[in-house]
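Q: First the structure, then my questions, so here it is.
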There are 2 protein chains.
Amino acid sequence: MKKTLIVGTVAYDEIETPTESSGKILGGAGTYIGLSASLFDTQSSIISIVGGDFEKENLEMLNSKGINTDSIEIVPKGKTFYWKGKYHKDWNKRDTLSTQLNVLADFNPIVKDENKNAEIIVLGNLHPLVQNTVLDQLDTNKKCVILDTMNFWMDNALDELMKVIGRVDIIIINDEEALQLSGKNTLFAAAKEILSFGPSQIVIKKGEHGAMLFEDGEFFTVPAFPVEKVKDPTGAGDSFAGGFAGYLSQIDEIDFEGMKLAVVNGTVMASFCVEGFGTAVMKNLDKETVDNRLKEFKKYTRY
Amino acid sequence: MKKTLIVGTVAYDEIETPTESSGKILGGAGTYIGLSASLFDTQSSIISIVGGDFEKENLEMLNSKGINTDSIEIVPKGKTFYWKGKYHKDWNKRDTLSTQLNVLADFNPIVKDENKNAEIIVLGNLHPLVQNTVLDQLDTNKKCVILDTMNFWMDNALDELMKVIGRVDIIIINDEEALQLSGKNTLFAAAKEILSFGPSQIVIKKGEHGAMLFEDGEFFTVPAFPVEKVKDPTGAGDSFAGGFAGYLSQIDEIDFEGMKLAVVNGTVMASFCVEGFGTAVMKNLDKETVDNRLKEFKKYTRY
């Protein structure tokens with residue numbers, strides 16, 4: 001069993017869909033990545049920051065999943081990062097209605113000594129400077145560093161982002177972001193270009209259309225698991241990353257065959273996430289349910 | 001080896017893409033379906049109509065592929081069906097610049113006696129009344145009838161189209177058309193609804209995002225074969241149908257497992273089609289090239 005170190009937001013979200021409103025609920029990339037990875041045999045820790053308003057029961061819930069929360073700093077006088085967003089009928093479009101950085105504005109992540117030797121590192125979507133700070137503190141022995149990022153940082157902190165990209169093993173981004181980051185107009189050309197920036201592998205997520213995995217000279221593609229009713233896409237990408245990392249932490253040698261399975265596991269974890277509001281499904285999942293869906297996915301895709 | 005009877009247009013196309021112009025070239029659903037099916041072990045015939053302007057070498061080319069063209073009626077004083085279209089940067093959008101029905105306006109397809117016992121029937125995209133006329137002439141023994149249609153007929157001849165749909169085994173349409181035809185807003189709900197109209201199976205094509213196959217209680221999904229550079233999407237759907245039908249004509253019993261492979265073969269045939277202008281790639285394909293891509297596709301999708 002490997003150690004997985006997750007760096008990402010632990011937050012409050014408020015989500016509106018065409019038919020429902022969530023109210024203030026637990027969210028954040030770190031939360032989703034952690035919950036998703038917890039379905040795999042791994043020893044995970046989340047590095048994050050929350051305010052005094054953060055309910056203790058949320059930390060207890062994460063602990064109950066075997067997730068170490070000792071590195072989630074609590075700022076008693078601060079407020080937890082808050083995001084409010086609204087989805088349209090077409091789930092691919094969303095508007096951010098409010099972003100309150102709060103304690104996240106002064107987030108200076110500290111990697112505790114016992115986490116410096118983690119084998120799997122997941123850098124959740126955060127300012128690239130923060131992601132870099134984490135990398136600076138890690139032991140330099142053999143690791144697998146997975147980066148998740150988004151177009152916001154390409155628009156606002158490209159130089160810093162490029163530095164992080166040059167230091168990671170695997171980058172996970174969506175199709176539009178891959179085109180933007182590479183300046184190319186096909187996903188193949190984009191993947192090739194982004195691999196030249198440093199990572200050994202790139203995973204391109206295509207939402208309801210599945211995902212692709214590229215390595216120099218290797219390629220793999222899967223459709224998405226067919227979800228009959230999407231309730232809320234929030235956290236799907238993070239759940240993908242958590243499942244991807246969780247699977248990698250289970251296997252001895254991380255080769256292309258293993259990464260293909262990691263993509264499949266990420267795909268299946270994302271499919272659970274979108275079936276409920278916020279973390280509703282993710283926090284109630286068990287291994288048997290995940291295994292059954294993995295079998296079902298195989299049935300749907302094998303010929 | 002089964003007999004495959006294809007009903008569809010044999011036409012002249014003129015295609016504009018953001019970078020190139022084709023000039024007047026061979027096209028038509030019947031042509032693409034026939035060329036695609038000719039890569040499989042089948043004995044195929046095309047029922048169609050052309051004008052006196054149709055160049056003989058096109059018929060000879062089809063014959064050289066083992067396609068029987070005796071049922072392509074030639075109207076010496078008429079002109080061949082002509083379509084001109086323009087694609088945008090986003091390949092999913094195209095404008096029709098000109099449609100000249102010409103001899104197609106009076107197309108009254110006759111099924112020759114020797115074709116009445118064909119086991120695989122492909123009704124290419126045509127007016128549903130024409131498709132119905134063909135079904136009226138077939139022997140009633142055990143067959144597999146595959147219908148291809150499009151939104152144009154849903155908009156302009158829905159009642160007639162619904163009659164055809166009630167008479168076929170398999171319907172192949174794209175994602176938007178499935179939503180339109182069913183009035184539903186998810187592909188799952190759409191597939192379920194359309195199966196209730198009569199067909200035993202529905203294939204939903206999603207272009208670059210692959211295809212899905214539905215049967216009551218069964219489901220299968222594949223990504224598209226990753227084409228590095230699309231040159232012209234014209235005929236991709238027809239080539240899919242041709243590969244799908246061609247594969248079915250090779251197997252003894254047409255069950256769900258066989259249909260999954262038919263979808264894979266259709267997917268691969270469509271990927272060749274888009275790599276060249278018009279029929280450029282399709283008319284120069286050989287079985288070895290197809291088999292190699294099928295193997296490559298397996299490599300890209302197996303885990």
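Q: To the nearest whole number, what is the average tally of beta carbon atoms from other chains within 10 Å of the beta carbons of peptide A:184-190?
A: 2
Q: Students often forget the sequence filter, so: which lysines lie under 18 Å Cα-Cα from B:LYS205 once same-chain residues fewer than 8 apart are removed?
A: A:LYS206, B:LYS93, B:LYS184, B:LYS192, B:LYS260
Q: What size of dipole, in debye to the nearest 20, comes out for the protein assembly as shown about its Cα centre when the only charges are +1 on Lys and Arg C-beta atoms and -1 on Asp and Glu C-beta atoms? Could the numbers behind the result be given before it?
A: On the way: 64 positive and 88 negative charges, 14 e Å.
The dipole of the protein assembly as shown has a size of about 60 debye.
Q: DSSP beta bridges in chain B, what fraction antiparallel, as a percent rounded to 5?
A: Of all bridge pairs located within chain B, approximately 40 percent are antiparallel.
Q: Beyond 46 Å, what share of the Cα-Cα pairs of the protein assembly as shown is found? Please give it as a whole percent. Show your work: numbers first, answer last.
A: Values: 45168 of 183315 pairs.
Considering the protein assembly as shown, 25 percent of its Cα-Cα pairs are separated by more than 46 Å.
Q: So, one more: Under a plain spin-label model, where a point goes 7 Å from the Cα along Cα-to-Cβ, how far apart in nm are B:SER21 and A:LYS93?
A: According to this spin-label approximation, the distance is 3.5 nm.
Q: Nm distances between the label at A:LYS24 and the same-position labels in the remaining copies, 7 Å along Cα→Cβ, shortest first?
A: 7.2
Q: Going by how many other Cβ atoms sit within 10 Å of their own, how do A:THR96, B:THR4 line up, fewest first?
A: A:THR96, B:THR4
Q: Counting only other chains, and only Cβ atoms inside 10 Å, what mean value do you get across the residues of B:212-221?
A: On the way: counts 3, 2, 1, 0, 0, 0, 2, 5, 7, 9.
Per residue, the average neighbour count from other chains is 3.
Q: Can you name the helices of chain B, as whole DSSP H runs, whose Cα span along the helix axis is 24 Å or more and whose Kyte-Doolittle mean is not below -0.5?
A: TM-like helix candidates: B:256-273.
Q: A further question follows. Calculate for chain B the 222 nm mean residue ellipticity that helices alone would give, adding -39,500 (n - 2.57) per DSSP H run of length 4 or more and normalising by residue count, nearest 500 deg cm²/dmol.
A: Calculated at 222 nm, the ellipticity per residue is -10500 deg cm²/dmol.
Q: Let me ask something else. The stretch A:1-85: which trypsin sites (Lys or Arg not before Pro) are DSSP loop and have at most 11 other beta-carbon atoms within 10 angstrom?
A: On the way: sites: A:LYS2, A:LYS3, A:LYS24, A:LYS56, A:LYS65, A:LYS77, A:LYS79, A:LYS84; in loops: A:LYS65, A:LYS77, A:LYS79.
Taking the stretch A:1-85 and a limit of 11 other Cβ atoms within 10 Å, the loop trypsin sites (Lys or Arg not before Pro) found are A:LYS77.
Q: Set Lys and Arg Cβ to +1 and Asp and Glu Cβ to -1, take the dipole of the stretch A:61-101 about its Cα centre, and tell me which of A:LEU62, A:GLY78, A:SER98 lies farthest positive.
A: Working it through, the farthest residue towards the positive pole turns out to be A:SER98.
Q: So, in nm, how far is label A:GLU288 from label A:ASN132 when the simple model puts each one 7 Å beyond its Cα toward the Cβ?
A: The two pseudo-label positions are separated by 4.9 nm.
Q: Between A:PHE219 and A:GLU296, how high is the FRET efficiency from 1/(1 + (r/R0)^6) when r is the Cβ-Cβ distance and R₀ = 25 Å? Nearest 0.05.
A: It comes out at approximately 0.50.
Q: So how many Å³ per residue does the convex hull of the Cα atoms of the stretch A:163-255 work out to?
A: Here the figure is 115 Å³ per residue.
Q: Compute, for the stretch B:2-301, the length of the dipole vector about the Cα centre, with Cβ point charges of +1 (Lys, Arg) and -1 (Asp, Glu) only. Units Debye, rounded to 20.
A: Computed charge dipole of the stretch B:2-301: roughly 340 debye.
Q: Can you tell me the FRET efficiency between B:LYS56 and A:LYS184 if r is taken as the Cβ-Cβ distance and R0 is 56 Å, rounded to the nearest 0.05?
A: Working: r = 44 Å, r/R0 = 0.79.
The calculated FRET efficiency here is 0.80.
Q: Taking the Cβ of A:PHE277 as the centre, find all other residues whose Cβ is under 13 Å away and add up their charges (Lys, Arg: +1; Asp, Glu: -1). All intermediate terms of the calculation are to be shown ahead of the outcome.
A: Numbers: positive: A:LYS24, A:LYS229, A:LYS231, A:LYS283; negative: A:ASP13, A:GLU14, A:GLU16, A:GLU20, A:ASP232, A:GLU275.
Every neighbour counted, the sum reads -2.
Q: Test of the criteria: in the stretch B:228-269, which trypsin sites (Lys or Arg not before Pro) are in a DSSP loop and have at most 11 other Cβ atoms within 10 angstrom of their Cβ?
A: Counting only loop positions with at most 11 other Cβ atoms within 10 Å, the trypsin sites (Lys or Arg not before Pro) in the stretch B:228-269 are B:LYS229.
Q: So, by mean Cβ neighbours within 10 angstrom, what's the order for B:192-200, A:132-140, A:46-54 with the highest one leading?
A: Ranking, from highest mean packing down: A:46-54, B:192-200, A:132-140.
Q: Taking the label point as lying 7 angstrom from Cα along the Cα-to-Cβ axis, what are the distances from B:SER64 to the corresponding position in the remaining copies, in ascending order and in nanometres?
A: Nearest to farthest, the other copies are at 7.2 nm.
Q: Using Cα springs under 10 Å in a Gaussian network model of chain A, which residue among A:ILE171, A:ILE25, A:ILE121 shows the largest mean-square fluctuation?
A: It is A:ILE25.
Q: Sorted from fewest to most neighbouring beta carbons within 10 Å, what does the list A:VAL7, B:VAL145 look like?
A: Numbers: A:VAL7 27, B:VAL145 21.
So the ranking, lowest neighbour count to highest, is B:VAL145, A:VAL7.
Q: Still on this structure: Between the stretch B:147-200 and the stretch A:200-229, what's the alpha-carbon centroid distance in Å?
A: Taking the Cα centre of the stretch A:200-229 as reference, the centre of the stretch B:147-200 is 29 Å away.
Q: Run the quick spin-label model on A:GLU193 and A:ASP106: label points 7 Å from Cα toward the beta carbon, then report their separation in nm to one decimal.
A: That separation, rounded to one decimal, is 4.0 nm.
Q: Follow-up. Over the stretch A:2-301, with a single point scatterer placed on each C-alpha, what log10 of the ratio I(q)/I(0) does the Debye formula yield at q = 0.09, 0.11 1/Å?
A: The calculated log intensity ratios at q = 0.09, 0.11 Å⁻¹ are -0.38, -0.59.
Q: Aspartates and glutamates within cross-link reach of B:LYS229: Cα-Cα under 12 Å, excluding same-chain residues under 8 positions apart?
A: Candidates past the 8-residue exclusion: B:GLU208, B:GLU275.
Q: Tell me which A residue has its C-beta closest to the axis rotating A onto B, and the distance in Å?
A: Output: A:HIS209, 2.
Q: Still on this structure, please answer the following. Output the antiparallel fraction of DSSP beta bridges having both residues in the protein assembly as shown, as a percent to the nearest 5.
A: 40
Q: If you don't mind, another one. Gap in Å between the Cα centre of the stretch A:85-133 and the Cα centre of the stretch A:7-34?
A: The distance from the Cα centre of the stretch A:7-34 to that of the stretch A:85-133 comes to 12 Å.
Q: Taking a label point 7 Å out from Cα toward Cβ, give me the nm distances from A:ASN132 to the same spot in the other copies, shortest first, one decimal.
A: 7.0
Q: Which three extents, in whole angstrom, do the alpha-carbon atoms of the stretch A:1-157 cover along their principal axes, largest first?
A: That works out to 47, 36, 33 Å along the principal axes.
Q: Mean separation of Cα pairs under 8 Å and 6+ residues apart, divided by the residue count of chain B: what relative contact order is that in percent?
A: RCO, chain B: 18 percent.
None of the figures in this text is laboratory data; all of them are computed from the coordinates on show. Here the structure is a predicted model, which is why all the values come from computation and not from measurement. For neighbour counting, all protein chains shown are included, and Cβ atoms are generated from backbone atoms with ideal geometry for every residue, glycine included.
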